[in-house]
Amino acid sequence: MESERIWLSIAQMGGSEQKYIQDAFDRNWIAPLGPNVNGFEKDLESFLGEGCHVVGLSSGTAALHLALIQLGVETGDEVICQSFTFSASANPIMYQGAIPIFVDSEKDTWNISPELLEKAIIDRKVGTGKYPKAIILVHLYGIPAKMDEILAIASKYNIPVIEDAAEALGSEYNGTKCGTFGEFGILSFNGNKIITTSGGGALVCKRSEQAQRAIFLATQAKEDRPYYHHEKVGYNYRLSNICAGIGRGQMEVLRHHLARRREIHALYSELLADIEGISVMQCPDANFHSNYWLTCITIDSKMLGITADDIRLYLDSVNIESRLLWKPLHMQPVFKLYPAYVDGTSERLFNEGLCLPSGSSLKDKDIERVVSQLRKCITIQYKTNQIRL
Ligand SMILES: *Cc1c(COP(=O)(O)O)cnc(C)c1O
């Protein structure tokens, strides 16, 4: 292959990560606790804004699990979850033996539809006599959900909100950081997110007791006694002090990463503006400030004569990684028997959408190469006759 592969979203180190790791070695803090964990949590708290309490964990999925446990979600309880997301948003509902209730997205933000959310809440009450125990919403691809409408509905029915902000570190809604609106917020530092700890996550809590409780549950629920004494089931979910060292280094370049992802989105928007049949996903208005973790496009297949998957395969053949949008959870074999309140929005997005390479280390010339290959693919009407399962 003549040109180097362009990846969808890869880690970009800032330079001081190894200094923090070295410090952990020098002080022999090779454990799932220590100065880097504390320092990383403090850095996140000051970034997210006043009054939040952050707990570093081994993954975003673990953070969601601890949020559900703290909200008292148990076997047989129902939990509402945005359908258009990664499976990790719903898996912890299953860990608790609870029942996921999937709700479709609206087209402005691609996130949970306030109308369908309220419809689902009312319908569950009629059907089961109970309201769902919690609502999990997602700021997908970094675009904030319609928080005013959603929080109004949640408080009308008194149902706590968990914000899955795994893809939305640095995104803001009305000037407030995503992840700090709900009773709990969760962040992910997996390898392909805005910043990475190689693997890791965080739980964002409103109150310090919640954070203390999360630390307790994440460290095997060991009671404060001189011997090992346990009254609750615990988990081994705390973040490693080595990984947290990477996180501290990444916090020094977070603002740069955010600015670059936004620049990349702006560049794609400009370069693709004249192609009829391709739209770049944008925030609905100035109240929404996305980190643009991934720049996503939708393809009008009727107009262009090719599908999103044709484009993906073509780009792959010229050494460019792209990815179809998330397959909605209500369409996944593992979840398809659970109740779903859908109107076709996320299914349509799954069929029409594509994520373009958006990593903060990409240069303008990489983005230009992606766009020129995209144009070529459209011009030659590259078809593959792929059958989607
Ligand atoms: C990445 C991601 C998660 C899971 O985070 P991990 O740290 O990989 O466990 C959850 N939800 C969404 C929307 C994600 O993109």
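Quick rundown of the values:
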read-out	value
Criterion (closer than 27 Å to Y235 by Cβ, within 16 Å of the ligand (Cβ to nearest atom) and of a type outside the set (K, R)) met by exactly one of N91, N28	N91
Residues within region 88-130 that are under 16 Å from H65 (Cβ atoms) and part of a helix (DSSP H, G or I), tallied	7
Extreme residue, farthest from F84 (Cα to Cα), among residues of region 138-152 that are within 12 Å of the ligand (Cβ to nearest atom) and either of a type in the set (K, R) or in a helix (DSSP H, G or I) (or both)	G142
Residue in region 329-337 that is closer than 30 Å to P132 by Cβ, among the basic types (K, R) and not assigned by TED's automatic domain parsing to the domain that holds K146 present	yes
Region 94-145, residues that are within 17 Å of the chain's Cα centre (by Cα) and among the aliphatic types (A, V, I, L, M)	V103, I112, I135, I136, L137, V138, L140, I143, A145
Unmet criterion (only one of (1) assigned to a loop (DSSP other than H, G, I, E, B); (2) open to solvent by less than 60 Å² (accessible area, probe 1.4 Å); (3) not assigned by TED's automatic domain parsing to the domain that holds C355) for D224	(2)
Within region 127-137, considering residues that are away from the ligand (no atom under 16 Å from the Cβ) and not polar (S, T, N, Q), the one least open to solvent (accessible area, probe 1.4 Å)	P132
Tabulated pairs, region 22-48, first assigned by TED's automatic domain parsing to the domain that holds S188, second among the charged types (D, E, K, R), C-beta under 6 angstrom, 6+ apart or interchain	P32/R238; N36/R248; G39/R248; F40/R248; L48/K177
Condition broken by L44, with the remaining ones in (1) among the hydrophobic types (A, V, I, L, M, F, W, C); (2) within 16 Å of the ligand (Cβ to nearest atom); (3) open to solvent by 10 Å² or more (accessible area, probe 1.4 Å) satisfied	(3)
Unmet requirement for E231, which otherwise passes all of (1) in contact (Cβ under 8 Å) with a residue 40 or more places away in the chain; (2) farther than 20 Å from S290 by Cβ; (3) more than 17 Å from the chain's Cα centre (by Cα); (4) open to solvent by 10 Å² or more (accessible area, probe 1.4 Å)	(1)
Identity of the residue in region 182-206, away from the ligand (no atom under 14 Å from the Cβ) and open to solvent by 10 Å² or more (accessible area, probe 1.4 Å), that ends up nearest to S89 (Cα to Cα)	E183
Output for region 301-347, where each listed residue is within 21 Å of the chain's Cα centre (by Cα), farther than 27 Å from G97 by Cα and of a type in the set (A, V, I, L, M, F, W, C)	L324, L325
G179 assigned by TED's automatic domain parsing to the domain that holds I242, open to solvent by less than 60 Å² (accessible area, probe 1.4 Å) and either within 10 Å of the ligand (Cβ to nearest atom) or of a type in the set (F, W, Y) (or both)	no
Output for region 75-88, where each listed residue is open to solvent by less than 10 Å² (accessible area, probe 1.4 Å) and more than 15 Å from the ligand (Cβ to nearest atom)	I80
Any hit, region 176-188, residues being modelled with pLDDT of 95 or more and more than 19 Å from G49 (Cα to Cα)	no
Count - residues of region 197-234 that are hydroxyl-bearing (S, T, Y) and within 18 Å of F184 (Cα to Cα)	1
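Table: residues versus (1) over 24 Å from L44 (Cα atoms); (2) in contact with a helix residue (DSSP H, G or I) (Cβ under 7 Å, 6 or more places away or on another chain).
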| residue | (1), (2) |
| --- | --- |
| V55 | no, yes |
| S58 | no, no |
| I69 | no, yes |
| G72 | yes, no |
| A88 | no, yes |
| P92 | no, yes |
| G97 | yes, no |
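The values are calculated or read from the model by the stated rules, or taken from the named source; none is laboratory data. Small disclaimer: the values here were computed from a predicted structure and weren't measured. Quick reminder, even Gly has a Cβ in these numbers, built from the backbone with ideal geometry, and neighbours come from all protein chains shown. SASA here: full protein model, heavy atoms, side chains in, ligands and nucleic acids out. Shrake-Rupley method; radii C 1.70, N 1.55, O 1.52, S 1.80 Å.
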